[in-house]
Amino acid sequence: MRIAHIADVHLDRPFAGMRGDAGEHARQRLRDTFRRCLGLAVARKVDLITIGGDLWEDENVRVDTRRFVAHELGQTAIPAVLICGNHDPYLAGGNYARTEWPSNVKLVSSAQPAEHRFGDDVSVWGLSWTGEGLRAEFLETFRVPADRRHVLLIHGTSTSVPYFAEQSNHCPFSPSSVRAAGFDLCLAGHIHAASVRDAVVYPGSPEPLGWSETGDHCVAIVDVGETVDVDLVPINEDRYEGSELDCTGCDSSGMVEERLRSQIPSEDRARLHLRVDLCGDVDSQCEIRPTMVADGLAADFAELIVNDATTPDYDLDHIAQQETVRGIFVRDIRARLGEESDEQKREKLELALKAGLRALDGRKDVVRVD
């Protein structure tokens, strides 16, 4: 039997913080990717589609999106099993209950494991998040019959993932308890990076959903026979990247923008979420407005964020010679620096020197503290 396993699509995610209509474009891309996942399932001639929860975000999902999902699944004509995750729990009278599902879709509405048999050889046991959450303690005593291959479909956190938090409240479970219960394989959702570890398969979210999601994003094609073989097929088109741009020597915002234009990627921008941190020593009169810098280039990107982490470069020797408030201030701080041996206090004085000069220049962005 061949299974296409998908999870964590997060349709209708709000993408808070994106400017203009970028969030709506991002939501449309998630729809396109879900359709592409199903197209891969058809192309690979799978016998079953499993969806491991968080198909949509329940508080944001629209009626049109629910109907879109049902229509696309129906168009495949492939049997499908859906479970609900912590972002889209099954609720009485809720979004899942109000959706008209095609005949090829089996929706799991209970937090207790339910068996779905496919052919003579394979059973998929699914359980869903509900209004009362989901717990995996049943694995300690649950045992499947030894009559066929058994696959567990669950939305939770395997203790074998590298970043598992012991106090995680998102249905933690151990691979050893999955095996002890008699399951040959666990198809899981909740972790957004694709992995196969200790017979637990996470396909990851089909698209990365934020700056921290740098892992693989796949559809898992699983062949269950005498052995179990898993092929993680990359499916994402979006990508998140971060970089630093050294602006040392720039004496105006125009120079900063010119340097940025010459350094950022020139190809495949439409699906690129790019964050650029400006760094280095710039002229003290160089006024960088990150939002305006980003606005001039953002149209080509899925998302462009520019952060200013530059340091104003003051000619302290020249300022110290002036008979002005600025000169008196620099001489005073320098004198105190010369008398201070404590390293932490010296750092505070140096920070105060920069902050004071920028304040005297009338700058609102007085100083940046990392």
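The values are calculated or read from the model by the stated rules, or taken from the named source; none is laboratory data. Fair warning: this is a prediction, and the values are worked out from it, not measured in the lab. Note that each Cβ is placed from the backbone with ideal geometry, even for glycine, and that neighbours are counted across all protein chains shown. Heavy atoms of the whole protein, side chains included, go into the accessibility calculation; ligands, DNA and RNA do not. Shrake-Rupley method; radii C 1.70, N 1.55, O 1.52, S 1.80 Å.
Spread over its residues, the convex hull of the C-alpha atoms of the stretch 225-282 is 100 Å³ per residue.
Which value in nm describes the separation of the simple spin-label points at Glu347 and Ala180, placed 7 Å from the Cα toward the beta carbon? With each label point 7 Å from Cα toward Cβ, the separation is 4.8 nm.
Largest GNM mean-square fluctuation across Val282, Val151, Val222, computed for the chain with C-alpha springs under 10 Å, falls on Val282. When Lys and Arg each count +1 and Asp and Glu each count -1, what net charge do the other residues less than 13 Å away from Asn95, Cβ to Cβ, add up to? Local charge sum for Asn95: -4.
Using a probe of 1.4 Å, the accessible surface attributed to Phe301 totals some 20 Å² when neighbouring protein chains are kept in position. Across the chain, how many lysine pairs separated by 8 or more positions, or lying on different chains, have Cα atoms within less than 24 Å? Lysine pairs satisfying the spacing and distance rule in the chain number 4.
Estimate the FRET efficiency between Asn60 and Ser243 by the formula 1/(1 + (r/R0)^6), using the beta-carbon distance for r and 35 Å for R0, to the nearest 0.05.
It comes out at approximately 0.65.
Taking springs between alpha-carbon atoms closer than 10 angstrom, which of His116, His150, His318 fluctuates most in the Gaussian network model of the chain? Result for the chain, Cα springs under 10 Å: His318 fluctuates most. Comparing Thr141, Phe183, Leu153 along the charge dipole axis of the stretch 91-233, the residue lying farthest to the positive side is Thr141, per the Cβ-charge model.
P(r) for the chain, from all Cα pairs and a bin width of 10 Å, is 5, 20, 23, 16, 13, 11, 7, 3, 1, 0 %, short bins first.
Can you classify the stretch 164-230 as rounded, prolate or oblate using the Cα gyration tensor, where a ≥ b ≥ c are the square roots of its eigenvalues, rounded means a/c under 1.5, and otherwise it's prolate if a/b beats b/c and oblate if not? Since a/c reaches 1.5 but b/c is at least a/b, the shape of the stretch 164-230 is classed as oblate. I'd like the carbon and sulfur percentage of the solvent accessible area for the stretch 2-147, probe radius 1.4 Å, heavy atoms only, ligands and nucleic acids excluded. After summing per-atom areas, the C and S share lands at 47 percent.
Just check the stretch 65-200 against the gyration tensor rule for me: Cα atoms, a ≥ b ≥ c as the square roots of the eigenvalues, rounded for a/c under 1.5, and otherwise prolate or oblate depending on whether a/b exceeds b/c. Judged from the Cα gyration tensor, the stretch 65-200 comes out oblate (a/c at least 1.5, b/c at or above a/b). Computed over protein heavy atoms with a 1.4 Å probe, the accessible surface of the stretch 227-295 works out to 55 Å² per residue. Counting only the Cα atoms, the stretch 294-370 fills a convex hull of 112 Å³ per residue.
Rounded to the nearest 0.05, what FRET efficiency do Arg2 and Ala299 give with R0 = 56 Å and r taken as the Cβ-Cβ distance? Could you check? That gives a FRET efficiency of 0.85.
For a modelled paramagnetic label at Asp21, 7 Å from Cα along Cα-to-Cβ, the residues of the stretch 288-302 in reach, with backbone nitrogen under 19 Å, are 295-302. Inter-label distance, Trp101 to Arg197: 3.0 nm, where each label sits 7 Å from its Cα along the C-beta direction.
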